[in-house]
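Notes follow once the structure below has been shown.
The values are calculated or read from the model by the stated rules, or taken from the named source; none is laboratory data. Computed from a prediction, not measured in an experiment: that's the story for all the values here. Please note: Cβ atoms are built from the backbone with ideal geometry, for glycine as well, and neighbour counts cover all protein chains shown.
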């Protein structure tokens, strides 16, 4: 798909921009929020960064016309925003149910299943009160997104997931492993 723009001031300027290229730029910006997210200790700051990244990632999937992933990331974005204020288990089940319904309505095979698994695990993570457990579950969920993004052919999203896992593991090392080793 291409977007075309025209400027009429005596001159015609035609610009073709690939929607794929735009989607990759959105993910590149999301990478910045993902990298920041796990360098914070406070779970509210972590999920606030994930909210910003999720908005961009959902838009990326819309541009690529991957509707299950787009729907699940839109739900995840709202989930991250809500989980800043509440970690109620009832909300976890509400968002998991919304993800299941979105997956059923937009089902398109294996990639839908992978994105649902990723979203489900990250839903449990987002409503976990313990930031250590949040980090651990996010690595697992992100691994499913990594495979999903590889299969749909989004190279910047693959890089994003690798960097996200790396950033998460660095934060985990800084806050947990390094402290336990010092004891």
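Brief remarks on what is shown
- Set side by side, the residues 142, 156 differ, and just one is assigned to a helix (DSSP H, G or I), more than 27 Å from residue 92 (Cβ to Cβ) and touching a helix residue (DSSP H, G or I) at 6+ places or on another chain (Cβ under 9 Å), which is 156.
- Looking only at the stretch 151-178, and only at residues there that are surrounded by fewer than 14 Cβ atoms within 10 Å (Cβ to Cβ) and closer than 15 Å to residue 132 by Cβ, the one that is modelled with the lowest pLDDT: 178
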